[in-house]
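Encoded as structure tokens, here's the structure I'll be asking about.
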Amino acid sequence: MSVNFVFKPDLFLVCGLGSLGQHSIATLKQFGVLVHAINDFYPQHWETDVLPDLFVEGDFRYQQVLEKAKIRQCRAVLLVSSNENINLDAAFAARLLNPDIRIVIRSNKLNLNQLLTTHLGNFVAFDPASLSADAFALSALGETTLGCFSLDGKLMRVVKETISWDSHWRDRTLVDFKNRYRRVIAHLRSDRLVKFHQWQPEEPVKPGDEVIYIETFLMSNEESSPTMPSSRSGFSIFSKYNWSFLKQGVQDFWFAEHRRLRRVAMVSSIAVAALLLLGTILFLWTYPNSSLRDAVNATIGLLLGGYPDVVGGVEADPQIPSWLLLFSLGLTVAGTAFVGVLYALLTERLLSARFQFTIKRPPVPAEDHVVLYGLGRTGRSIVTWLQKFGQPVVAIAPTGLAPEILPELPVVTGDMASCLEAANWSTARSMILATDDEMQNLELGLLAHTKNVEAGLVIRTFNQRFSDNLAQLLPYAHVLCAHALAAEAFAGAAFGENIAGLFRLYGETVLVTEYCVESGDTLHGLMLAQVAYGYEVMPLLHQNPGGQAKFLPSDDLQLAIGDRLVVLATTEGLRRIEKGERGQPTYGMVVDRAMTAEAVFEGANAIARIVGCDIGKARDFMVSLPVYLPHPLYFHQAKRLLRHLTRNRVDARVVPFAQIANGQLRQ
């Protein structure tokens, strides 16, 4: 990803001026770039106050229309009409006219999108329904989990911690939250929100404060890996572990409620096999001149109900013993019973496969569940997210849902008003209104609120102006504009970044954005401290070419060509990176004295690592104390260096760098 405007033009083309297209234009304009647009007619109503710099009327599938919009000079084209076939057709036309253009397309055809990414190159496709689903699901979970996404197989969660009087975090500093698995994103106190390193690291948290941080899961797998047992201990492991494991597995299988039919089939099969073996042995013992095949056939005939035929057909001895006649009769009766059970089970399975009998869905949760209305693509994606979180959910649908669709989802059918009681709405946690009709979402949301004022509401809309007004009128509801959420991902992807996810943070969208460092861009050669504090973003992952990914990496790492970097950033943060508008460091460090020779050695190491200077220069600083470090630092960077120096028995101070640069301090 190159983010230097010297090499790439700042002209973008948006094709399709529906709600998503208009919001995409508004988001792109926040980056200070030129935006051209194509649509088959000029929109009569704009959902945003931002208009394109050039409008071309026509069908953007045709090359002459794309030429009028100056596609050859464009850096990226966003194909966001509601017709996916038109978008795909236009993507090929755009690639023919501009082989280097970045193509961002609206499409939910996942397999086709992957193939096109390989063949077209510099191509990315998004489904707006999937992009916004996690934001709706997280809003319904309440105030604790704000975001959740996966990076390289590792789950990362954004959590809001409200500090109470009995919290173990009370009166501890914000820097105490930081460890190898956790980073602070924002701090809220008395309606004063500071985020992305604008908070004071040594400020103690007080009751009522809210601390938002991101954490990684699967930590136990990182600490240690299981070791394989040696061959010498194999017998003891089998006797102590495998036997108990096998015993437990058999018990689980036998007593599981959903395996009841399998147990009946197993018992019947074992009984038939035992009777077959016993009958064969008795016939061979009574008639030793008979062959094994004759004995087996006679027994099978009896089991299948052929008592008259089998008894009359034994040629070895016409005078069959009475006990054998009685046994044969019992064998026929038992065989009829057990074989009949097997026939019945087989018939039931065949009928189920043929006629697709209705699958019984789970019961409606009793309490603390999420109620969902609207089972379109977005609604189904929301259900998937909630089930990932282990959150009980029940859906209200006008009609029944096919049994193969979300089989673990409880569904209540009928109209909204009549289904609220059946969905246990009075004890529910929250409700998501996710239909494609925002007026219906509003109506049903108001109806639900009158019956349960304590539960949360998440209302899906498609117009940002309407969403803003509604949010002010309904402070108890989370009103989310689906197209505005998706537009931020589309706009971010237009600059070449890969958008891995998004979530909402106090009314603002935060994007999980991936960069690949190239020569000459605004990230090349910077330390992660400079990226984080200068651009006000949160580094989540760093990976050297061919190396292992490092999650929540150290500030001391330096970016090189080919490095992969994933950050949390708002649209404003992405704009700063794109334009290279990095905030300058304004603090400096005065090192007064070191207590011991070891303090001199460790202090030099800390300076070289955190400041990013040569180790030789750092040692020169430490042997000529007191000294002013001639390197400006960001506030968090300076405070971190001070903590390391103090820990190593080095006296130092953080001062404004301007005082050092102007010679206002004396040694």
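Within the group VAL566, VAL537, which residue is at pLDDT 90 or above, under 20 Å from TYR634 (Cα atoms) and surrounded by 22 or more Cβ atoms within 10 Å (Cβ to Cβ)?
Of the residues listed, the single one that is at pLDDT 90 or above, under 20 Å from TYR634 (Cα atoms) and surrounded by 22 or more Cβ atoms within 10 Å (Cβ to Cβ) is VAL537.
Consider LEU115 carefully, then state whether it is within 30 Å of LYS70 (Cα to Cα), surrounded by fewer than 21 Cβ atoms within 10 Å (Cβ to Cβ) and in contact with a Lys or Arg (Cβ under 8 Å, 6 or more places away or on another chain).
Considered against the rule, which asks whether it is within 30 Å of LYS70 (Cα to Cα), surrounded by fewer than 21 Cβ atoms within 10 Å (Cβ to Cβ) and in contact with a Lys or Arg (Cβ under 8 Å, 6 or more places away or on another chain), LEU115 comes out as no.
Now for a different question. Closer than 21 Å to GLN391 by Cβ, assigned to a strand (DSSP E or B) and touching a Leu at 6+ places or on another chain (Cβ under 8 Å) - does that describe any residue in segment 104-111?
Quick first cut of segment 104-111, residues closer than 21 Å to GLN391 by Cβ only: none.
Taking every residue of segment 104-111 in turn, none turns out to be closer than 21 Å to GLN391 by Cβ, assigned to a strand (DSSP E or B) and touching a Leu at 6+ places or on another chain (Cβ under 8 Å).
Another one. Do we have any residue at all in segment 53-74 that's modelled with pLDDT under 90 and of a type in the set (S, T, N, Q)?
No, segment 53-74 has no match at all.
Additional query: Mind listing whichever residues of segment 412-437 are open to solvent by 40 Å² or more (accessible area, probe 1.4 Å), within 15 Å of GLY376 (Cα to Cα) and touching a residue at least 24 places away in the same chain (Cβ under 8 Å)?
ASP436
Additional query: If I filter segment 581-599 down to residues being aliphatic (A, V, I, L, M) and in contact (Cβ under 8 Å) with a residue 24 or more places away in the chain, which single residue comes out as farthest from PRO632 (Cα to Cα)?
Here the answer is MET595.
Go through (1) under 16 Å from VAL512 (Cα atoms); (2) in contact with a strand residue (DSSP E or B) (Cβ under 9 Å, 6 or more places away or on another chain); (3) outside any strand (DSSP E or B) one by one and return the number of the condition SER130 breaks.
(2)
Filter segment 505-524 down to the residues that are open to solvent by 30 Å² or more (accessible area, probe 1.4 Å), in contact with a strand residue (DSSP E or B) (Cβ under 8 Å, 6 or more places away or on another chain) and farther than 16 Å from VAL566 by Cα and list them by number.
Within segment 505-524, TYR506, GLU508 meet the criteria.
Here's another thing I want to ask about it. Report yes if THR571 is under 30 Å from GLU215 (Cβ atoms), surrounded by fewer than 23 Cβ atoms within 10 Å (Cβ to Cβ) and polar (S, T, N, Q), otherwise no.
When the stated conditions are applied, THR571 passes them.
Here is a follow-up. Please work out if ALA486 is closer than 22 Å to ALA125 by Cα, in a strand (DSSP E or B), of a type outside the set (Lys, Arg) and touching an Asp or Glu at 6+ places or on another chain (Cβ under 9 Å). Explain how you work it out, then say what you get.
On the way: closer than 22 Å to ALA125 by Cα: yes; in a strand (DSSP E or B): no; of a type outside the set (Lys, Arg): yes; touching an Asp or Glu at 6+ places or on another chain (Cβ under 9 Å): yes.
No; evaluated as a whole, the condition is false for this residue.
The values are calculated or read from the model by the stated rules, or taken from the named source; none is laboratory data. Please read these numbers as outputs of a predicted model, since none were measured by experiment. As a convention, Cβ positions derive from the backbone with ideal geometry for all residues, glycine included, and neighbour counts pool all protein chains shown. Just so you know, the surface numbers come from the protein's heavy atoms only, side chains and all, with ligands and any DNA or RNA stripped out. Shrake-Rupley method; radii C 1.70, N 1.55, O 1.52, S 1.80 Å.
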